[in-house]
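Working notes, beginning with the structure itself.
The values are calculated or read from the model by the stated rules, or taken from the named source; none is laboratory data. Keep in mind the model is a prediction, meaning the values are calculated, not measured. When we count neighbours, we look across all protein chains shown, and the Cβ atoms used for this are built from the backbone with ideal geometry, even at glycine.
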Amino acid sequence: ASFRPKQLLLNNKYLFTMLGGEEEKDPDAAKKEEERQEALRQQEEERKAKYAKMEAERENIRQGIRDKYGIKKKEEKEAEAAAAMEQASEGSLTRPKKAVPTGCGDEEEEESIVDTVMKFIPTPLMDMFNKK
């Protein structure tokens, strides 16, 4: 009577491996796993292609509606608004200044600033600068 329960437990591979037994290695397991991964990748690519096609069709429909009712895309609206702001502030005193990178100014102006500062330095200090 006790032989049957032991046989049932040992025949169950899962319980056998839990008890510390060796699991049988499938020689083709690596190959099967690689094929499974490749199939998953292929399914994912097909899914992405399907949704890209659907989105392209939706965009065509959206564009048709925009053309029919004269609606502009969000990006076009933003670009036109930015151009209008730039054009409106063209002659304004409060328009944002365009940044000039350092070193792009005239070197003559920089030298003239140094000369202007040197004019206001007292002569004893000028002599100290000239000695060095």
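Are any residues in the stretch 77-91 in a helix (DSSP H, G or I) and either surrounded by fewer than 10 Cβ atoms within 10 Å (Cβ to Cβ) or at pLDDT below 75 (or both), and if so, which ones? Spell out how you get there, then give the answer.
Quick first cut of the stretch 77-91, residues in a helix (DSSP H, G or I) only: 77-88.
Once the filter is applied, which keeps residues that are in a helix (DSSP H, G or I) and either surrounded by fewer than 10 Cβ atoms within 10 Å (Cβ to Cβ) or at pLDDT below 75 (or both), the stretch 77-91 yields GLN87, ALA88.
I'd like to know if the stretch 92-106 contains one or more residues that are over 30 Å from ASN130 (Cα atoms), of a type in the set (D, E, K, R), modelled with pLDDT under 75 and surrounded by 10 or more Cβ atoms within 10 Å (Cβ to Cβ).
If we filter the stretch 92-106 for residues that are over 30 Å from ASN130 (Cα atoms), which is where we start, we get 92-101.
Within this subset, residues satisfying the condition of being of a type in the set (D, E, K, R) are 95, 97-98.
From the residues that got through so far, the ones that are modelled with pLDDT under 75 too are 95, 97-98.
Now restrict to residues that are surrounded by 10 or more Cβ atoms within 10 Å (Cβ to Cβ): 95.
Within the stretch 92-106, one or more residues are over 30 Å from ASN130 (Cα atoms), of a type in the set (D, E, K, R), modelled with pLDDT under 75 and surrounded by 10 or more Cβ atoms within 10 Å (Cβ to Cβ).
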